[in-house]
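Beneath this line is the structure, given in structure tokens, with notes to follow.
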Number of protein chains: 2
Amino acid sequence: MPKRQLKLGFILHGVGPGWDDWRHPDALVDASTNFGFYKRQAQTAERGKLDYLFVADSVSINARSSPHYLNRFEPLTILSAVAAVTEHIGLVGTATVSYTEPFNLARQFASLDHISGGRAGWNVVTSWLEGSAANYGKEEHLAHDVRYRLAEEYLDVVKGLWDSWEDDALVRDKATGQFLDPDKLHELNHKGEFLKVKGPLNISRGPQGQPVIFQAGSSEDGRNFAARHAEAIFTHQDDLAQAQAFYADVKARARGFGRDPDKLAIVPGARPVIGSTEAEAETKYAELAGLGNLENALRALGRSFNDHNFSVYDPDGPFPREVAAEGFKSNQSASERILALADQGLTLGEIARRVGTPRGGWVGTPEQIADRMQQWLDERGSDGFNLFESLPGQLDVFVDQVVPILQDRGIFRREYPGATFRETLGLDKPVNRYTAQRLARSAA
Amino acid sequence: MPKRQLKLGFILHGVGPGWDDWRHPDALVDASTNFGFYKRQAQTAERGKLDYLFVADSVSINARSSPHYLNRFEPLTILSAVAAVTEHIGLVGTATVSYTEPFNLARQFASLDHISGGRAGWNVVTSWLEGSAANYGKEEHLAHDVRYRLAEEYLDVVKGLWDSWEDDALVRDKATGQFLDPDKLHELNHKGEFLKVKGPLNISRGPQGQPVIFQAGSSEDGRNFAARHAEAIFTHQDDLAQAQAFYADVKARARGFGRDPDKLAIVPGARPVIGSTEAEAETKYAELAGLGNLENALRALGRSFNDHNFSVYDPDGPFPREVAAEGFKSNQSASERILALADQGLTLGEIARRVGTPRGGWVGTPEQIADRMQQWLDERGSDGFNLFESLPGQLDVFVDQVVPILQDRGIFRREYPGATFRETLGLDKPVNRYTAQRLARSAA
């Protein structure tokens, strides 16, 4: 039996995931809106046969926002551009159900799927920053549970629009002049709690049938949503034990919803800092940590608590637990991880620095990074990883030095297995709902 | 003094502008969702030094829709992909103010402007198909005049979001650690009749400051909107006299609004059918006209009258004037042009065929096409043209055989003059509104 294969994604994040990463001597300060930079990273990741590229998102900033949130490409447009200069790698874009018309979203992802020859993926988010509502003329940000109820309905509508064309609806017979088989084009006529959408979509079903569904929330609601609907879940896990608990929980939920748990990939974030020796890796980590300052680390921490201002507290004192409620309103899983550090007795400043420049066991030699990945895979901590580039050049190091080790161990492919992202991930093409009904009727 | 230069755009329209164009022996039946086809056309247009590529749009289809509306790429995604494989040509996408969140639209066009190095243009439309509302959970399509009032406010908001970053807001000084100058990032705080948007936008000002504004309506409201706000207007004009009247009217309105009329390019659509001799061109036109059938021509006609079903009338009888009101509700200028043909005594069938396969004087040799373009330019019928490809291969013919004649006559450039689409069109980069206020204050 072939070994279980790692799923590896790379996060295109411009100036870097940390507040002060742009200050590194080799960093391009305009990376977040530099298409040449995105193109190079995308092509490097594809050279390493990685499964997918991932673009995160948010829809609200202010002058206190971290550089990599402040100014960056919009996901659908940058992934469409990247599609034109890559051939095999999956293209996963984050988009919110709270502030985008489902017809427009379904259409843009279907368009990306056609442009890329079947490589689109949608990371479904519910927008956890409270400031977002005001950019969309809304009075209030929806409560956490209501957002997930909306997400369920929204995803159902989007999938319905993707299915509004059966795969063979376009006849396109020059001899007879028939372009469309009208029986295979369907109105959705959805009327639900939040949405009313008629359809059909004005673009045919893409090569994948439906783009791959990602999810990135780890709260109770987020886990259930992922277990029910997602084909991959992007999560933060600080150590193997925690990761195993999360993995077991989500896979059990998926089974509970009648799904094959192998069709839901769990991919925690990882930010490897790789050196040719342990000492060199530690030097690089110190270089990275040295870029940050406490003020920015405190601001970054505030983001998980509804932009709370942590600079008013003593950084050497305890974490101010009274702000917990703000965290549960906005990003529940991130705030829980932070409160767990407070439980361990870390000071506010220590927590801010730890969250700002995570180590997470990902500092080491190529062998050590490969060992850790294999351990998490073998011991069911994850099905793979969503990789951040910690320092300029580290993606190249990963591709050139870690990927070959994983390949030699038989836990990572040497070639892309097929044309579409679904084939890369080992996922089936979803059967069109109307085609399924037609088949059921003719069998009856 | 250098001669006035033609502005030439090319419309990327997949299977072709006519209902049955896809039946041509050389036509790719999947052209509308074939990225390779779009890439070839885009690169051919760029080889011809054309000013821009143009992508039309609509947001509602049904089983009776024409093949080129039915199934096609979404404009922002396909233009982003095209941006990655071109270097100089402008990229104009159609997007509706009726059914897109202004924050998302401003952001995607700004992202396209960054991706393309300053080549984005937005064709502002108000969505004239009544079926659209139902795809967005709206009960009713807005009335014509209300849509234009919304368009004014919407454009103002989008420009405000594009200006929410001053050009030099990003300091990005590695030595001091200052990434942003917070005084140069601005909230918009717009509260108007239709929209409430806080801002700032989460992407910095693009290389053009603001993407180029196109407009495509020719009604009274549309003309005023264009004269006030647009930098190019895409229109349909059947003959030179009609074109001159339109040209004079719109330029006078622009002058009336205090604008320099030379900063508003008028580009009627043209669908050249080019042959090496007149006889060959006529043969090609006959080939094109022969692809269509009356039933589809009548359906196509219906599109300008709120999807009216014209097949119930005698095609050899007069045009049923009682449907005029439906036309005024949806696409006012198109229905007026059709009623004008009825005034000339054409039968319903003749009108449908004329509208379905327009000649418009654009059937001829490369010399004749160049002559006509020069005449319209010299006699102020237009500032250039928005070109449709009439038959497969005609874009290549235009680029290889007509463009060199225009260049030899000194009315079309041999090279792109600068980096951005604004430079190509001879338009200034708009001064940021906050920078202007700052300059005014410091001068006072």
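The values are calculated or read from the model by the stated rules, or taken from the named source; none is laboratory data. Predicted model, so just to flag it, every value in this text is computed and none were measured. Cβ coordinates were reconstructed from backbone atoms using ideal geometry, including for glycine residues, and neighbour counts include every protein chain displayed.
Would you check if B:Arg372 is in contact with a Gly (Cβ under 8 Å, 6 or more places away or on another chain) and assigned to a helix (DSSP H, G or I)?
Judged against the criteria, B:Arg372 is a match.
Among the residues of the range B:294-304, which ones are within 14 Å of chain A (Cβ to nearest Cβ) and under 13 Å from B:Ile351 (Cα atoms)?
B:Leu294, B:Glu295, B:Asn296, B:Ala297, B:Arg299, B:Ala300 - these are the residues of the range B:294-304 that are within 14 Å of chain A (Cβ to nearest Cβ) and under 13 Å from B:Ile351 (Cα atoms).
Just to check your reading of the model, which residue among A:Ala334, A:Ala352, A:Ala370 is outside the structural domain of A:Val55 (by TED's automatic domain parsing), crowded, with 19+ Cβ neighbours inside 10 Å and either more than 30 Å from A:Asn293 (Cα to Cα) or touching a residue at least 60 places away in the same chain (Cβ under 8 Å) (or both)?
Only one candidate passes the filter, namely A:Ala334.
Of all the residues that make up the range A:410-419, how many are crowded, with 19+ Cβ neighbours inside 10 Å and either in contact with a strand residue (DSSP E or B) (Cβ under 9 Å, 6 or more places away or on another chain) or small (Gly, Ala, Ser) (or both)?
Of the residues in that region, 1 qualify.
Among (1) assigned to a helix (DSSP H, G or I); (2) surrounded by fewer than 20 Cβ atoms within 10 Å (Cβ to Cβ); (3) in contact (Cβ under 8 Å) with a residue 24 or more places away in the chain; (4) basic (Lys, Arg), which single condition is B:Arg422 missing?
Answer for B:Arg422: the failing condition is (2).
Which condition does B:Asp314 not pass, out of (1) under 28 Å from A:Phe179 (Cα atoms); (2) among the acidic types (Asp, Glu); (3) assigned by TED's automatic domain parsing to the domain that holds B:Val125; (4) touching a helix residue (DSSP H, G or I) at 6+ places or on another chain (Cβ under 9 Å), if it passes all the others?
(3)
Could you tell me which of the residues A:Arg299, A:Arg380 is touching a residue at least 60 places away in the same chain (Cβ under 8 Å), charged (D, E, K, R) and within 21 Å of A:Pro67 (Cβ to Cβ)?
A:Arg299
Can you say whether B:Ala279 is out of contact with any Ser or Thr (no Cβ under 7 Å at 6 or more places or on another chain), modelled with pLDDT of 95 or more and aliphatic (A, V, I, L, M), as far as the supplied structure shows?
Yes.
Say whether the condition of being within 14 Å of chain B (Cβ to nearest Cβ) and not aliphatic (A, V, I, L, M) is met by at least one residue in the range A:269-290.
yes
Given the conditions (1) part of a loop (DSSP other than H, G, I, E, B); (2) more than 17 Å from A:Ala216 (Cα to Cα), and given that A:Thr77 satisfies all but one, which numbered condition is not satisfied?
Failing condition for A:Thr77: (1).
Can you pull out the strands (runs of 3 or more DSSP E) entirely within the range A:123-218 that have at least 1 residues that are surrounded by fewer than 22 Cβ atoms within 10 Å (Cβ to Cβ) and of a type outside the set (Val, Ile, Thr)?
A:170-173, A:178-180
Scan (1) part of a loop (DSSP other than H, G, I, E, B); (2) of a type outside the set (Ser, Thr, Tyr); (3) not assigned by TED's automatic domain parsing to the domain that holds A:Arg228 for the single condition A:Gly258 breaks and write down its number.
Going through (1) part of a loop (DSSP other than H, G, I, E, B); (2) of a type outside the set (Ser, Thr, Tyr); (3) not assigned by TED's automatic domain parsing to the domain that holds A:Arg228 one by one, A:Gly258 breaks only (3).
Is at least one residue of the range A:283-305 more than 20 Å from A:Gly16 (Cβ to Cβ) and surrounded by 14 or more Cβ atoms within 10 Å (Cβ to Cβ)?
Yes, the range A:283-305 has at least one match.
What's the total number of residues in the range A:102-122 that are within 16 Å of the chain's Cα centre (by Cα), over 18 Å from A:Pro200 (Cα atoms) and not in a strand (DSSP E or B)?
Of the residues in the range A:102-122, 1 are within 16 Å of the chain's Cα centre (by Cα), over 18 Å from A:Pro200 (Cα atoms) and not in a strand (DSSP E or B).
Taking the conditions exactly as written (in a loop (DSSP other than H, G, I, E, B), surrounded by fewer than 17 Cβ atoms within 10 Å (Cβ to Cβ) and modelled with pLDDT of 85 or more), does B:Gly361 satisfy them or not?
no
Checking A:Ser58 against (1) more than 8 Å from chain B (Cβ to nearest Cβ); (2) surrounded by fewer than 24 Cβ atoms within 10 Å (Cβ to Cβ); (3) within 30 Å of A:Asn293 (Cβ to Cβ), only one condition comes out false. Which one?
Evaluating A:Ser58 over (1) more than 8 Å from chain B (Cβ to nearest Cβ); (2) surrounded by fewer than 24 Cβ atoms within 10 Å (Cβ to Cβ); (3) within 30 Å of A:Asn293 (Cβ to Cβ) leaves (1) as the failure.
Return only the number of the condition from (1) within 12 Å of chain B (Cβ to nearest Cβ); (2) modelled with pLDDT of 95 or more that A:Ser66 does not satisfy.
Checking A:Ser66 against (1) within 12 Å of chain B (Cβ to nearest Cβ); (2) modelled with pLDDT of 95 or more, the one that fails is (2).
Does the range A:72-93 contain any residue that is among the basic types (Lys, Arg) and more than 10 Å from chain B (Cβ to nearest Cβ)?
No: zero hits.
Which residues, counting only those in the range B:7-29, are hydrophobic (A, V, I, L, M, F, W, C) and either within 12 Å of chain A (Cβ to nearest Cβ) or under 21 Å from B:Ser58 (Cβ atoms) (or both)?
Those that are hydrophobic (A, V, I, L, M, F, W, C) and either within 12 Å of chain A (Cβ to nearest Cβ) or under 21 Å from B:Ser58 (Cβ atoms) (or both): B:Phe10, B:Ile11, B:Leu12, B:Val15, B:Trp19, B:Trp22, B:Ala27, B:Leu28, B:Val29.
So which of A:Val59, A:Val29, A:Val92, A:Val82 ends up being modelled with pLDDT of 95 or more and under 16 Å from the mean Cα position of the chain (by Cα)?
Just one listed residue meets the conditions, A:Val92.
Please work out if A:Ser276 is assigned to a helix (DSSP H, G or I), over 30 Å from B:Thr176 (Cα atoms) and not β-branched (Val, Ile, Thr).
For A:Ser276, the condition - assigned to a helix (DSSP H, G or I), over 30 Å from B:Thr176 (Cα atoms) and not β-branched (Val, Ile, Thr) - is not met.
For the range A:184-205, give me each residue that is polar (S, T, N, Q) and at the interface with another protein chain (Cβ under 8 Å from one of its Cβ atoms).
A:Asn202, A:Ser204
Please state which of the following conditions A:Leu79 fails to meet, knowing it meets all the rest: (1) touching a His at 6+ places or on another chain (Cβ under 6 Å); (2) buried (at least 24 other Cβ atoms within 10 Å of the Cβ); (3) not aromatic (Phe, Trp, Tyr).
For A:Leu79, the exception is condition (1).
Restricting the range B:1-22 to residues that are charged (D, E, K, R) and either in a loop (DSSP other than H, G, I, E, B) or modelled with pLDDT under 95 (or both), which is nearest to B:Gly90 (Cα to Cα)?
B:Arg4
For the subset of the range B:263-317 comprising residues that are basic (Lys, Arg) and closer than 22 Å to B:Arg337 by Cβ, which member is nearest to the chain's Cα centre (by Cα)?
B:Arg271
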